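A short write-up of the structure that comes next.
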Amino acid sequence: MNLFKINENDSWQSVNDGVMGGVSKSQLSHVDKLAVFSGHVSLENNGGFASVNRRVFVSNVRDETQVSIRVMGDGKRYQFRLKAGSEKGAPSYGVGFTTEANEWQTFHFKLSEFKATLRGKKVLDAPPLNWLEVKQLGFLISDRQEGDFCLLIDSITLDE
């Protein structure tokens, strides 16, 4: 099932380190049926992350279903993130992946691989993630990777 069709009408929101005083920038644009997550990570003012997310609705999926992403990156490390609640205190669940510069790659993730964080800190007592509770998906770059970045996103699919 294709969870993510590249659509210029998709409503993506940028959430960068500006929420904590940083000056990193990011956006998600659409080019030739691809989503492009790009921007600049700055370490100024204790910054260092940039992210985008969008709402998503998941139904008729078993917990053992995996998610696959097909991306082309720039050699940097990113996180694919899922969020169960839309309220501010709800943790995000992320799984990291490292891209090979200018090469298409497909990554497969089980729900059990996603680790809960809230404001950059691990949440050890977070409940397990359940597909039917997922309300958002997104991408994040952090880990003090200063400079420009670009991640092309071709697809995000659920594999039964």
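What follows is calculated from the coordinates using simple rules that are stated; it is not laboratory data. Computed from a prediction, not measured in an experiment: that's the story for all the values here. Cβ coordinates were reconstructed from backbone atoms using ideal geometry, including for glycine residues, and neighbour counts include every protein chain displayed.
Find out how many positive minus negative residues lie around Val67, taking Lys and Arg as positive, Asp and Glu as negative, among other residues whose Cβ is under 10 Å from that of Val67. All intermediate terms of the calculation are to be shown ahead of the outcome.
Values: positive: Lys110; negative: Glu113, Asp159.
In short, -1.
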Enumerate the calculated ³J(HN,Hα) couplings along region 131-146 in order (Karplus 6.51 cos²θ - 1.76 cosθ + 1.60, θ = phi - 60°), each rounded to whole Hz, writing x wherever the residue is Gly or Pro.
-> 3, 5, 9, 5, 10, 9, 9, x, 10, 9, 10, 8, 6, 6, 8, 5
In the structure shown, of Lys33/Lys110; Lys25/Lys121; Lys25/Lys110; Lys115/Lys135; Lys25/Lys83; Lys83/Lys115, the pairs separated by more than 18 angstrom at the C-alpha atoms are Lys33/Lys110; Lys25/Lys121; Lys25/Lys110; Lys25/Lys83
For region 2-159, calculate the relative contact order in percent as a whole number, restricting contacts to Cα pairs under 8 Å that are 6 or more residues apart.
-> 33 percent
Estimated FRET transfer efficiency (Trp104, Gln66; beta-carbon r; R0 25 Å; 0.05) | 0.85
So, in Å, what gap is there between the alpha-carbon centers of region 100-139 and region 46-91?
-> 5 Å
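Enumerate by residue number the GluC sites (Glu not before Pro) in region 20-117 meeting two conditions: DSSP loop (anything except H, G, I, E, B), and at most 12 other Cβ atoms within 10 Å of the site's Cβ.
Details: sites: Glu44, Glu64, Glu87, Glu100, Glu103, Glu113; in loops: Glu64, Glu87, Glu100, Glu103.
Here the sparse-neighbourhood loop sites are Glu64, Glu87, Glu100, Glu103.
Could you line up Ile156, Ile141, Ile69 from fewest to most neighbouring Cβ atoms inside 10 Å?
Values: Ile156 20, Ile141 26, Ile69 23.
Arranged by neighbour count, lowest to highest, Ile156, Ile141, Ile69 become Ile156, Ile69, Ile141.
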Each label sits 7 Å from Cα toward the beta-carbon; between Val56 and Val36 the label points are separated, in nm, by 2.2 nm
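Net charge within 9 Å of Trp131 by Cβ-Cβ distance, Lys/Arg positive one each and Asp/Glu negative one each, not counting Trp131 itself? Don't skip to the answer; put the middle values down first.
Values: positive: Arg62; negative: Asp63, Glu133.
Charge balance in the 9 Å sphere: -1.
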What is the set of long-range amide H partners of Ala35 at a cut-off below 5 Å, with H atoms built 1.01 Å from backbone N?
-> Ile153
Which net charge results for the neighbourhood of Gln145, defined as the other residues with beta-carbon distances under 9 angstrom from its beta-carbon, given Lys and Arg at +1 and Asp and Glu at -1?
-> +1
Let me know the shape class of the chain, please: from the alpha-carbon gyration tensor, a ≥ b ≥ c as square roots of the eigenvalues, rounded when a/c is under 1.5, otherwise prolate if a/b is greater than b/c, or oblate.
-> oblate
